[in-house]
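Single-structure report; data block below.
The values are calculated or read from the model by the stated rules, or taken from the named source; none is laboratory data. Predicted model, so just to flag it, every value in this text is computed and none were measured. Note that each Cβ is placed from the backbone with ideal geometry, even for glycine, and that neighbours are counted across all protein chains shown.
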Amino acid sequence: MKRYGAWLGVVAMMLTLTACSACGMAEEPPTSDGGATAVGHKLGMGSVSAVSMEGTEQAHVKVTAAALVLDTSGKIASCEIDELAFTVAMKDGLPQAAENLLSMLDMGDDDLPDTGSADTATKPWHEQAEAFCDYAEGKTPDQITGLATTDGKSEEIEGCDLILTDIIQAVGRAAKAARAQSVKAGDDLELAMTATKAEGSTNEKPQYDVELAAVTVGSGDRITGCITDTLQAKLTVAEGVFSTLSGGMETKRQMGDGYGMKAASSINREWYEQANAFDTFAVGKTAEELAGTKLNSEGKTDAVTGCTMAVTGMLKNAVKAADKE
């Protein structure tokens, strides 16, 4: 009887715990950005994208991205930021090809930032970005997103005169999307952005694709974490002028289930789910091994389980990030 009573007590306790779990203590499900509750170092990437129109003759596209490694206490252990901006102009009723598709980090010392002030900046963008990341490391994401600014700038960060509005927002998004893979303390963090004119771009619907990748590289130059994303900057032309409206744009990850690939997918998986499968495939490989992934004429591969979409741009940009180390 004592054993029977004890057994009933155990059952009652288990039922109580199950009920509590159902009332909100269950593990947080993955988000559309791939984030999930996990213990250990986490890798996150976030971005802010927008198109701004100058009349009907010029379209300016700007993408700001941040990559973070969060340590076990949730503080920023590593930080990388980058920005890519280009202009598509109309001439004789036709959109012209954008001339400069390099990101600020790729330009390096070849470009000085527009500080928005009359005096000329003496430090290139990448050095000011490094100063921002040096300041961010060791702090919590909330401390960065709560940073006081005046006209988008902060006097707290020595050596950084950049307008931080989009950068701060990208950091917040990166922290929210962070997830554990095989990232360890001391792994190198790299961020890559690559813009190209889309293969299906037309004069009526010019489009540029921006690939983003955050990668951590550890022992043996092997990838320990990878997050990829893609922005499709779609513009529209009507009667020889841009009909595009100014406003924010979303990447494919940010669209989540709204991107709509799942319905057309032979494996019934959304874009971000297939991208997660690619990211998992990249982990454990060197940049050279990842670059050796065989693709067919459509840019697809049988090597990645759970991913049947074309990965040409995603693959090249992830290799670019992993090879920076």
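State which residue is farthest from the chain's Cα centre (by Cα) when the search covers only segment 245-292 and only residues that are among the hydroxyl-bearing types (Ser, Thr, Tyr) and buried (at least 20 other Cβ atoms within 10 Å of the Cβ).
Pass one, segment 245-292, residues among the hydroxyl-bearing types (Ser, Thr, Tyr): 246, 251, 259, 265-266, 272, 280, 286.
Subset that is buried (at least 20 other Cβ atoms within 10 Å of the Cβ): 251, 272.
Working: Thr251: 8, Tyr272: 12 Å.
The selected residue is Tyr272.
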(message) For segment 278-316, give me the residue count where each residue is in contact (Cβ under 8 Å) with a residue 24 or more places away in the chain and assigned to a loop (DSSP other than H, G, I, E, B).
(response) 10
(request) Give segment 158-167 a look and list any residue that's surrounded by fewer than 24 Cβ atoms within 10 Å (Cβ to Cβ) and either touching a Gly at 6+ places or on another chain (Cβ under 8 Å) or among the aliphatic types (A, V, I, L, M) (or both), or say none. (result) Ile163, Leu164, Thr165
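The rows are residues; the columns are (1) farther than 27 Å from His41 by Cβ; (2) touching a residue at least 12 places away in the same chain (Cβ under 8 Å); (3) part of a loop (DSSP other than H, G, I, E, B).
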residue: Cys226; (1), (2), (3): no, yes, no
residue: Thr230; (1), (2), (3): no, yes, no
residue: Thr244; (1), (2), (3): yes, yes, yes
residue: Met255; (1), (2), (3): yes, yes, no
residue: Gly258; (1), (2), (3): yes, no, no
residue: Ala263; (1), (2), (3): yes, no, no
residue: Ser266; (1), (2), (3): yes, yes, yes
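Being out of contact with any Ser or Thr (no Cβ under 7 Å at 6 or more places or on another chain), touching a residue at least 12 places away in the same chain (Cβ under 8 Å), farther than 27 Å from Val311 by Cβ and surrounded by fewer than 22 Cβ atoms within 10 Å (Cβ to Cβ), is that true of even one residue in segment 190-199? First the steps, then the outcome.
Start the filter on segment 190-199 by keeping residues that are out of contact with any Ser or Thr (no Cβ under 7 Å at 6 or more places or on another chain), which leaves 190-192, 194-199.
Next, only the ones that are touching a residue at least 12 places away in the same chain (Cβ under 8 Å) stay: 190-192, 194-198.
Now drop any that are not farther than 27 Å from Val311 by Cβ, which leaves none.
Checked segment 190-199: no residue is out of contact with any Ser or Thr (no Cβ under 7 Å at 6 or more places or on another chain), touching a residue at least 12 places away in the same chain (Cβ under 8 Å), farther than 27 Å from Val311 by Cβ and surrounded by fewer than 22 Cβ atoms within 10 Å (Cβ to Cβ).
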(message) When you check Ile157 against the structure, is it in contact with a helix residue (DSSP H, G or I) (Cβ under 9 Å, 6 or more places away or on another chain) and part of a loop (DSSP other than H, G, I, E, B), yes or no?
(response) yes
(message) Please go through segment 38-64 and give me each residue that is of a type in the set (S, T, N, Q) and closer than 17 Å to Leu102 by Cα, ordered by number.
(response) Ser47, Ser49, Thr64
(request) Could you check Leu94 against (1) within 23 Å of Ala213 (Cα to Cα); (2) modelled with pLDDT of 95 or more; (3) exposed (fewer than 15 other Cβ atoms within 10 Å of the Cβ) and say which number it fails? (result) (1)
